[in-house]
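Read through the structure below, which is laid out as structure tokens, and then see the notes.
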Amino acid sequence: MKILKYLILYVMILLLASCSKDNKVSIVKEKNIETQMIEAFEEGYKELENGDVLFAAKKFNEAELLYPQSKWAPRAALLAAYSYYSQDYYYDAEYELNRFLKVYPNEKDIPYAHYLLGMVYYERIVDEKKDLGPLVMAEEKFKFIEKNYPNTDFALDSSYKLDLIQDYLASKEMYIGIHYMKKKKWIAAINRFKNVVNLYQETSFIDEALHRLVELHYKLGLIEESQKYASLLGYNYQSSEWYSKSYKIFNQNYKSKLEIKKEKEGIFRKFKKLLY
């Protein structure tokens, strides 16, 4: 037994000696967490400027995770969101912004985060034929900014965007209304055009919507109702081409200035052909 103990002790001594020869101990001065975080932040910023937004966002997220208690952490989170937004990665940007608003509710950049989130929704609006979801969310967000941060540049631009959104919403109603007209679903079409008249009076579609109401009520034999909308159209938009079209419904022989001009041009062209 003693021999066995001595043998084990000898083997251990050999192993320790071998390790001490093969693995030299070196003293490495490690960087502190804050330095690592700043370096990751700077690298992310550099890649953002170079256009590699996915890698930039990754580095910003890394910077935030390295030192979440520092002043750089919320900036990194917001820049990660902006990186995605700048190259149309809207769903990733939306996720990062919602996370920022939840994690850093008292940050001074909160108004900008709300505005950027509104822009993410706004940029996802395609046209009046597509889903209304992003458009409605953008409208809600810009109204929130107007109400809660009224004296900021973000509120000013939000007001402008809201006007454009009203046009989008009105165009959606017009598109569906005209679709119903083609399908000869008169009542459904009337309801859509009434929505434009009642809800989107400041948009560029109001005069056409009034004309469509004149046209459809006349078609249904509701002459008084048709005349009511015609009067409203004439009072507010007499110079509109849609007023001329409505006027012609009640005066079949009426010709607008544009129609008369086209007729004259047609006669002139025929006259020129006779000369040459």
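General observations
- Radius 13 Å from Cβ of Tyr218, net charge of other residues (Lys, Arg +1; Asp, Glu -1): +2
- Backbone geometry of the range 76-87 corresponds, through the Karplus equation with coefficients 6.51, -1.76 and 1.60 at θ = phi - 60°, to 3J(HN,Hα) couplings of 5, 4, 5, 5, 4, 5, 5, 4, 5, 4, 4, 10 Hz, x marking Gly and Pro.
- Note that the range 73-143, at 37 °C in a medium of 0.692 mPa s, gets a Stokes-Einstein diffusion coefficient of 268 µm²/s from its Kirkwood radius over C-alpha pairs.
- Protection proxy ranking of 170-181, 52-63 - average other beta-carbon atoms within 10 Å, highest first: 52-63, 170-181
- Neighbour-count ranking [beta-carbon atoms within 10 angstrom, fewest first] of Ser240, Ser83: Ser240, Ser83
- The rule of thumb for compact globular proteins, 2.2 N^0.38 Å, goes into the C-alpha radius of gyration of the range 179-223 1.09 times.
- Each peptide in 86-96, 151-161 gets a packing score, the mean of other Cβ atoms within 10 Å over its residues, and the list from highest to lowest is 86-96, 151-161.
- Residues in the range 170-182 carry Karplus couplings, in order, of 5, 5, 4, 4, 5, 4, 5, x, 5, 4, 5, 4, 4 Hz; the curve used is 6.51 cos²θ - 1.76 cosθ + 1.60 with θ = phi - 60°, and Gly or Pro positions show x.
- Per-pair calculated FRET efficiency, R0 = 45 Å: Asp153 and Trp186 via Cβ, rounded to 0.05: 0.45
- Stokes-Einstein diffusion coefficient of the range 35-170, Kirkwood radius over Cα pairs, 4 °C, 1.567 mPa s, in µm²/s: 84
- The slack between Leu132 and Gln69, meaning 0.36 nm per residue of separation minus the straight C-alpha distance, is 18.8 nm.
- Legend: calculated FRET efficiency, Ser239 to Gln201, from the Cβ-Cβ distance at R0 = 22 Å, rounded to 0.05, equals 0.80.
The numbers here are math on the coordinates, done by the rules we state, and not lab data. Treat the numbers as computed from the prediction; the structure is a model and nothing was measured. Don't worry about glycine lacking a Cβ; one is built from the backbone with ideal geometry, like all the others, and counts go over all protein chains shown.
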